[in-house]
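Each remark here refers to the structure printed beneath this line.
Read the figures in this text as sums done on the coordinates, not as results from a lab. In this text the structure is predicted, and so the values were computed from the model without any measurement. Heads up, the Cβs are rebuilt from the backbone with ideal geometry, glycines too, and the neighbour counts pull from every protein chain shown.
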Amino acid sequence: MRVTPWKMADSGQVETAAVVAAIRASLARLTGGPRLTAVMARSVLKNWVEVPKTGVLIAKAPGGRVHGVLVMRKEPDPDAVRVVYICGQPPRSGAGAALLAELVTVSRKRGMKEIRARCNPDDPSHLGFFLDHGNFAAVGPPVQGSSMLELEVRRVLMEEPSETS
Ligand SMILES: CC(C)(COP(=O)(O)OP(=O)(O)OC[C@H]1O[C@@H](n2cnc3c(N)ncnc32)[C@H](O)[C@@H]1OP(=O)(O)O)[C@@H](O)C(=O)NCCC(=O)NCCS
């Protein structure tokens with residue numbers, strides 16, 4: 001799985017459609033509701049990337065097929081970056097892990113001290129991915145968000161040995 005930075009403005013229609021399709025399918029899994037239309041999913045993505053200090057990584061299989069998307073944003077808090085959204089399609093194909101590994105590498109290079117995310121404590125894939133696999137820890141108790149129970153989690157990079165040490 002190859003992970004690269006991605007910009008909506010610089011991307012062709014076919015790749016943008018693939019990125020939107022991955023988000024569209026995974027949002028339905030996240031909310032448990034019906035799929036958004038492609039137009040709505042595209043507008044969700046556009047709203048995310050229009051916010052300043054937001055970047056996107058995509059994960060592609062060797063054939064070039066898009067398998068995952070990560071939307072990240074620098075926090076107002078110094079030295080912290082937030083996972084606004086992450087998805088892997090199909091589930092459990094390694095895209096989420098590849099995206100997170102790249103985010104950790106990029107964040108370390110930029111001197112970020114921690115990565116934050118909000119996950120659903122009732123969703124085993126979130127607990128398995130963020131807490132068990134991703135080395136995140138809960139910050140406080142879960143709170144009711146707009147569409148689901150949300151657990152704020154963080155991974156403190158400065159407490160980890162870097163890859164080069
Ligand atoms: C959470 C999510 C991003 C994980 O991505 P993924 O590509 O499926 O994850 P990976 O295949 O890289 O899995 C990495 C590890 O995470 C853990 N994991 C992933 N899915 C899991 C599940 N359903 N149950 C338990 N652990 C899981 C495992 O440790 C896994 O390693 P393994 O497969 O070798 O056991 C994915 O489930 C998803 O897209 N969900 C819908 C969107 C969403 O909820 N996003 C998060 C909110 S922002």
(message) Restricting to region 109-128, give me the number of residues that are within 22 Å of Val71 (Cβ to Cβ), within 14 Å of the ligand (Cβ to nearest atom) and part of a helix (DSSP H, G or I).
(response) 4
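From the list Arg35, Arg29, exactly one residue is farther than 16 Å from Gly134 by Cβ and free of Cβ contacts under 8 Å to residues at least 24 places away in the same chain. Which is it? Steps first, please.
Values: Arg29 fails: free of Cβ contacts under 8 Å to residues at least 24 places away in the same chain.
Just one listed residue meets the conditions, Arg35.
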(request) Could you tell me which residue of region 99-119 is farthest from Val3 (Cα to Cα), considering only residues that are surrounded by 21 or more Cβ atoms within 10 Å (Cβ to Cβ) and in contact (Cβ under 8 Å) with a residue 40 or more places away in the chain? (result) Ile115
(message) So, Gly64, is that one among the small types (Gly, Ala, Ser), away from the ligand (no atom under 13 Å from the Cβ), more than 15 Å from the chain's Cα centre (by Cα) and within 21 Å of Asp10 (Cα to Cα) or not?
(response) yes
(message) Here's a check for you: in region 129-157, which residue that is within 24 Å of Leu99 (Cα to Cα) and in a loop (DSSP other than H, G, I, E, B) is farthest from the ligand (Cβ to nearest atom)?
(response) Val139
(message) Yes or no: region 77-84 includes at least one residue that is under 17 Å from Trp6 (Cβ atoms), within 11 Å of the ligand (Cβ to nearest atom) and in contact (Cβ under 8 Å) with a residue 12 or more places away in the chain.
(response) yes
(request) State yes or no: is Gly68 touching a residue at least 12 places away in the same chain (Cβ under 8 Å), part of a helix (DSSP H, G or I) and within 20 Å of Arg24 (Cα to Cα)? (result) no
